[in-house]
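Notes to accompany the following structure.
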Amino acid sequence: MPPKRARFPRTARLLRHADFERVYKQGRRHFSASMTVFYWPRAEATVETREGTRTRVSAPHGLRIGFTVGRALGGAVERNRMKRRLREAVRMSRPVAGVAADVVINPKKSLLAADFADVLNEVSRAFGVIEQRLSQPASEKSAPQASSNRKAGSRRPEAESRS
């Protein structure tokens, strides 16, 4: 009997355009040598019952992962090769349980030339960082930041007002 194939199930994939957009617009980023990983924690869903009442259902645990490879990265053959390599690396290193989050992986052109072991290591490290950042208690996430008297993005301190 042949060994059972390891799969990348549909429930573990990010499929809807709206989910990709939410991750891009509201999510955080993790950068590595051959890819950029965007991630956003999934919130609780509200389900309406037949009686008309609404109940909150917790989000299913685990990561849902999507891939985007733009045309600027090469022809169809190269883009598909990048997606296959990423899909296999994710399948081999995906955490079984953990935080509920949506993840989008954008490869860089250097992914094609990288060893698969390096790609696998980068994907594993990215998943570790995502779990670490999203599993922190809320008190640690919102650490008080030092306030200053200057505008955001400005390099010079705000000039004192002259009367």
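In the stretch 54-115, counting only strands (runs of 3 or more DSSP E) that sit wholly within it, the ones holding 1 or more residues that are over 21 Å from residue 28 (Cα atoms) and at pLDDT below 90 span 54-57.
If you go through the stretch 100-119 and keep only what is surrounded by 19 or more Cβ atoms within 10 Å (Cβ to Cβ) and farther than 18 Å from residue 23 by Cα, you end up with 111, 119.
The values are calculated or read from the model by the stated rules, or taken from the named source; none is laboratory data. All values reported here derive from a predicted model rather than from experimental measurement. A quick note on method: Cβ atoms are made from the backbone with ideal geometry, for glycine too, and the neighbour counts reach across all protein chains shown.
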